[in-house]
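The values are calculated or read from the model by the stated rules, or taken from the named source; none is laboratory data. None of the values given here were measured: they were computed from a predicted structure. Here the Cβ is made from the backbone with ideal geometry for all residues, glycine too, and neighbour counts use every protein chain on show.
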Amino acid sequence: MTYRAAHAERSSGRRARWAVPVAAVTFLSLFVIGSSTATRPDEGPLERASLSQAGRSLILQIKTDRQIALRKLNRQPDFRSGRAHYLCLEAERAGRGVVSRICLGGKRSSHHRVGVSRTSASGKVFSRDTIAARVKRVGGTKLVVAFDPGAARLPADTYEWRVAAADGRCEGAGDGCATFFPRGRRHLYRLLPVRAVGCTGGDGEVVRHGPRGRPRVALTFDDGPGPYTDDVLSVLRRKKAKATFFMLGQQVSSYPETARKVLAAGHELANHSSRHALLPSADDVARASRVIRHRTGFKPCLFRPPYGAINSTLKQGVARAGMKSVLWDVDTLDWRLPGSGSIGNAIKNARAGSIVLMHDAGGPRGQTVEALPGAIRSLRKRGFELVTVTELLGERFRYRPVE
């Protein structure tokens, strides 16, 4: 992987240097690929600031000359008022005329949420929201903020950025009441797209369902990718539902572009062996993972044994390959072609934590495609969230920014 850094220069012309202690950012992904740093203005509390990308998160780091009480900051301020007290990142996509302001503070959850405002350059607010974030204080005068730029409506692009601070004691209004970092012209930062490259939880465990205490269900599809996978993806896209696809190595080799489309749509790729043999060897299982990773860039952490058959030898081989074995507790029997109504009724029988077995290849799967919309609608009416198996089991995905 190529590591890149783009550091802004000091106003005096010297290169800015600011190394954040490793202990300050231990919660960040290892995949840090870019940064942009600015230097101290002539006045105000701001000394340094930087932007960088770590996995799926955008990281804002701010160094001040004094400790700032987060609870006294307004995370949804009126930027045109001299009485506004805030500390915000301002980011603007070139030529768009809309400034996104990500603001720290709030009397509650100040270490777990930030405010997001989309405004005009003058501070007129078009929309306001709050999003989840991780705000960590380091050494009293350094703040490290991690948030999902997608949640903040910041798509991959090049941005002009600065940090703005106001203490709420100004007699004027607007920018005249704030100090900025850097002072003068803004600096540029290129926010890169990210892709999932793996997941956690490959501990060799055998599971049939997830926790029963949360209203979540995982839809899974076996034997693909194949001719019906695009149809399944279309339904999932329209219904805004996520799923897990247990893929055969030989099918990924035959339909590599389809496998990549599954991943790009936000679904999970998992291992179903190379050729669907009963009790496949450890080499067969490892080979399927290599094919999936080579063709898509994603390393599976989940394995489903063909026919649901597993013994101690296969279980050990799966564990050595760094995966968890996933069975199911709801079987639609769609491989028997029982009709879309029967398949849909089986899916509707899912309960909290259920893993539902279906197929997107290995035979004609039109009945499965036809059953999906109504079954998803029924599950949603019962209050279920449709997630990937990794999410159902409380694990997470690993992401990497890409050029």
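Note on region 57-74: residues that are within 24 Å of the chain's Cα centre (by Cα) and surrounded by 22 or more Cβ atoms within 10 Å (Cβ to Cβ) amount to 5. When Pro149, Pro155 are checked against the criterion of being exposed (fewer than 15 other Cβ atoms within 10 Å of the Cβ) and either among the β-branched types (Val, Ile, Thr) or closer than 27 Å to Lys261 by Cα (or both), a single residue qualifies: Pro155. Applying the criterion of at least 1 residues that are in contact with a helix residue (DSSP H, G or I) (Cβ under 6 Å, 6 or more places away or on another chain) and free of Cβ contacts under 8 Å to residues at least 40 places away in the same chain to the strands (runs of 3 or more DSSP E) found wholly in region 182-274 leaves 268-271. A single member of Ala178, Ala218 is small (Gly, Ala, Ser) and outside the structural domain of Asn271 (by TED's automatic domain parsing), and it is Ala178. All of (1) among the β-branched types (Val, Ile, Thr); (2) crowded, with 20+ Cβ neighbours inside 10 Å; (3) modelled with pLDDT under 95 hold for Thr179 with one exception: (2).
Per this entry, Asp360 is not counted among residues that are buried (at least 20 other Cβ atoms within 10 Å of the Cβ), free of Cβ contacts under 8 Å to residues at least 60 places away in the same chain, in contact with a Ser or Thr (Cβ under 7 Å, 6 or more places away or on another chain) and among the acidic types (Asp, Glu). Counting the residues of region 280-289 that are surrounded by fewer than 16 Cβ atoms within 10 Å (Cβ to Cβ) and either closer than 13 Å to Leu269 by Cβ or hydrophobic (A, V, I, L, M, F, W, C) (or both) gives 1. Beta carbons closer than 7 Å, at least 6 apart along the sequence or on distinct chains, pair a first residue in region 366-392 that is farther than 18 Å from His267 by Cα with a second that is of a type in the set (S, T, N, Q) and part of a helix (DSSP H, G or I) for Gln367/Ser340; Glu370/Ser340; Ala371/Ser340.
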